[in-house]
Amino acid sequence: MSKNFQHLVSSAVPIAIENIDTDQIIPARFLKATTREGFGENLFRDWRFDSDNQPKKDFVLNNPIYKGQILVAGKNFGCGSSREHAAWAIGDYGFKVVISSFFADIFKNNALNNFILPITVTDAFLDNIFKAIEADPAAQLEVDLEKQTLKIVATGETAQFDINPYKKACLINGYDDIDYLLSLRKEIETYESGREFNF
Amino acid sequence: MGKTLFDKIWDSHVVVSKAGFPDAVYINTHFIHEVTSPQAFDGLRKRGIPVFRPARTRATADHNVPTIDQHLPIKEALSRKQVEMLTKNTAEFGVELYGLGHPYQGIVHVIGPELGITLPGMTIVCGDSHTSTHGAFGAIAFGIGTSEVEQVLATQCILQYRPKRMKIEVNGKLKKGVVSKDIILYIISKISASGATGYFVEYCGEAISSLSMEARMTICNMSIEMGARGGLIAPDETTFEYIKGREFAPKGADWDKALAYWRTLYTDADAQFDVVLTFNAADIEPMITYGTNPGMGMGVTQHIPSLEQLDEKEKPSFKKSLDYMGLEPGSGLLGKKVDYVFIGSCTNSRIEDLRMVADFVKGKHKADDVVVWIVPGSKQVEAQARKEGIDKVFEAAGFQLREPGCSACLGMNEDKVPAGMYCISTSNRNFEGRQGPNARTFLASPLSAAAAAITGKVTDVRELV
């Protein structure tokens, strides 16, 4: 997983299902590894493979016409368990951006902490993306983090997206939260010594 | 203007607040378990740094442990390795571990409160979304990812933006056969699985404040199932009474000082919430879910929505969900056959849950073709159940009392519901495959689950109590 993000032009993989929870993204029985690598092979495991481990033909990741580094999904993506393995699986599979009209909080943090960009768009814009991919599975999307824009290249429709300035800087420069927190050591120790109730 | 309870606690834990940056928030207590911590310890090793405040982190093994024969080595190689890794990491970094065989071992959100580690006014995190459970004590408690576990191990702080505040008030008294699990399933069914995303919830009202601590934990536990960052309840005499005398609770002069502080932990009368929702306890029936997210719930006598009642855009996800469940839109669930009953998880595995089930099943026997698993939340809960003779009641009813762990709540160990089978479960999630590949879950209260165990089908428990 690359440790920064700035700009991307790619086709996208559409999953127009709402409330995709992290148990679907990576089922619990695949959480036994003690490293961060290799979770991509079990991404959407039970939607991708049947009980005999054969690929399910009707699932989008098994359809070669859909590919790219962007995943587009229905609202409330990443709800449920806090497992960061979901973000690791998405990144390990090769996605750098996830687009939805609504993200669960913990997943959003986990994605950002792994240099995967979650982009929230309106329901209407999300529909337009799904329609563009339906019309042309190779439809290109362009993400510009600096300008905070997402463009459907074929139609030129462009959405502005929000990201907090701190996380934006982390993504562009490849910083992580621990680097910043470690720089606050003196402040943390001062806080500890001044606290009356330090259970 | 006054402050909410949430803001009082948050403000007193902000170490650094800078414009454009998330707040650096100090964490009083950090719980870890075997599944979401190994990569965090690896991160510390790579950076060559120690755990900053090892005494503030406590570890247990719960997610990936067997619930029978815990005295024997774990059979499954990957699970054994993961649990061994926790032992190695905690020893190397000086963190206290309540591992398998320890009298304090159990589900992380059960043992924190029962040991008196969880206290009012604290900030508490854990690499598990059900950390919201600890909010029942008037604490800010929420689940985090593994990168954040590493942050807390490294600095005892976490970077967070302040969430918005939501108040959920439940007025009046619960009817017979309706318990705290039904309250929270009812709320989630009303506001959906994403209805509180971005918010921290405070629960209040007569129906909440009249609950025991264990029943309050059930409510706060499922805050995440409506997307909330967490949920809390102002501490009161019930809270203080529960904490007093527990293993790690303050004692003597420390207790008096702590108590004086805890009594300041309430939302001021003129504090503002971003959203206020009000419900009436008398409207709540015993609840059951029919779909594949916890928002898809209804009163046990009601019918699943028909397709005509839905927006066009909701239909594909709804149909996918009901196909998975093998259920028809517009149908009811009363009388639907169940194959498994699971009573356990951080939502409902405490001694009061087991007592409630035992009181109900005493003198009764399970239906022939139902498998009933009772998985206590901790070694202490298990020991207490045996002391009270509850184990004998379960044995006579044909229920299996197993050993503590997360078990069939998440289908990570071997406790899985077979494909296609229906399980009525006291856990918190009915996601596809949650209890095993292609397993089908009905979420319900311990009382409703016990009723189904006896009749072998979805039952309105009010007819039996």
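The values are calculated or read from the model by the stated rules, or taken from the named source; none is laboratory data. What you see is a predicted model, and the numbers here were worked out from it, not measured in a lab. As a convention, Cβ positions derive from the backbone with ideal geometry for all residues, glycine included, and neighbour counts pool all protein chains shown. Calculation scope for accessible area: heavy atoms of the full protein, side chains included, ligands and nucleic acids excluded. Shrake-Rupley method; radii C 1.70, N 1.55, O 1.52, S 1.80 Å.
Surface analysis of the protein assembly as shown yields an accessible area of 36 Å² per residue, using protein heavy atoms and a 1.4 Å probe.
Take every pair of alpha-carbon atoms less than 8 Å apart whose residues are at least six positions apart; their mean separation over the length of chain B yields a relative contact order of 18 percent. Rg/Rh for chain B (Cα atoms only, Rh after Kirkwood) is 0.95. The modelled label-to-label distance for the pair B:Lys337/A:Thr149, using points 7 Å beyond Cα in the direction of Cβ, is 6.1 nm. In chain B, the calculated helix contribution to ellipticity at 222 nm averages -9000 deg cm²/dmol per residue, counting -39,500 (n - 2.57) for every DSSP H run with n ≥ 4.
In the neighborhood of B:Ile284, defined by Cβ-to-Cβ distances under 12 Å, what is the net charge if each Lys or Arg adds +1 and each Asp or Glu adds -1? Computed value for this residue: +3. Springs between alpha-carbon atoms under 10 Å, Gaussian network over chain A: tell me which of A:Phe59, A:Phe44, A:Phe161 tops the mean-square fluctuations. Evaluated over chain A, the most mobile residue of the options is A:Phe59.
FRET efficiency for the B:Ala19 to A:Gln140 pair, using the beta carbon distance and R₀ = 35 Å, is estimated at 0.45. Computed on the Cα atoms alone, the convex hull of segment B:226-367 gives a volume of 210 cubic angstrom per residue. In chain A, one over the average inverse separation of all distinct C-alpha pairs is 18.0 Å, which is the Kirkwood hydrodynamic radius. When a 1.4 Å probe is rolled over the protein heavy atoms, the share of accessible surface on the protein assembly as shown that falls to carbon and sulfur comes to 51 percent.
For segment A:35-111, trypsin sites (Lys or Arg not before Pro) meeting the loop criterion (DSSP other than H, G, I, E, B) and having at most 12 other Cβ atoms within 10 Å: A:Lys57. With a 1.4 angstrom probe, the accessible area lost at the A-B interface totals about 5600 Å². Fully extending the segment from B:Thr264 to B:Glu414, taken as 0.36 nm per residue of separation minus the present Cα-Cα distance, adds 49.4 nm.
Check cross-link reach from B:Lys46 to the lysines: straight Cα distance under 23 Å, and skip same-chain residues fewer than eight apart. Leaving aside lysines fewer than 8 places away in the same chain, those within reach of B:Lys46 are A:Lys3, A:Lys32, A:Lys167, A:Lys186, B:Lys81, B:Lys88. Each residue of segment B:245-252 was assigned a 3J(HN,Hα) from its phi angle through the Karplus curve 6.51 cos²θ - 1.76 cosθ + 1.60 (θ = phi - 60°); the sequence is x, 6, 2, 9, 5, x, 10, x Hz, with glycine and proline shown as x. Ranking of A:Asp123, A:Asp58, B:Asp7, A:Asp105 by solvent-accessible surface, largest first: A:Asp58, A:Asp123, A:Asp105, B:Asp7 (1.4 Å probe, protein heavy atoms only, all chains present). Sorting B:Met412, B:Met356 on solvent-accessible area from highest to lowest, probe radius 1.4 Å, gives B:Met356, B:Met412.
Expressed as a whole percent, the proportion of Cα-Cα pairs in the protein assembly as shown lying more than 50 Å apart is 7%.
In terms of its Cα atoms, segment B:290-463 spans 55, 35, 25 Å along the principal axes, sorted from long to short.
Among A:Ile116, A:Ile20, A:Ile106, the residue with the largest mean-square fluctuation in a Gaussian network model of chain A, with springs joining Cα atoms closer than 10 Å, is A:Ile106.
Extending 7 Å from the Cα toward the beta-carbon at both B:Gln400 and A:Asn128 defines two label points whose distance is 5.5 nm. Could you work out the relative contact order of segment A:7-163? I mean the mean sequence separation of Cα pairs under 8 Å and 6+ apart, divided by the number of residues, in percent. This gives 27 percent for segment A:7-163. From its DSSP helices (H runs of at least four residues, each -39,500 (n - 2.57)), chain A gives a residue-normalised ellipticity at 222 nm of -8500 deg cm²/dmol.
Here the spin labels are modelled as points 7 Å beyond Cα on the Cα-Cβ line, and at B:Asn171 and A:Asp50 they lie 5.6 nm apart. Here the relative contact order of segment B:290-463, from alpha carbon pairs under 8 Å that lie six or more residues apart, stands at 28 percent.
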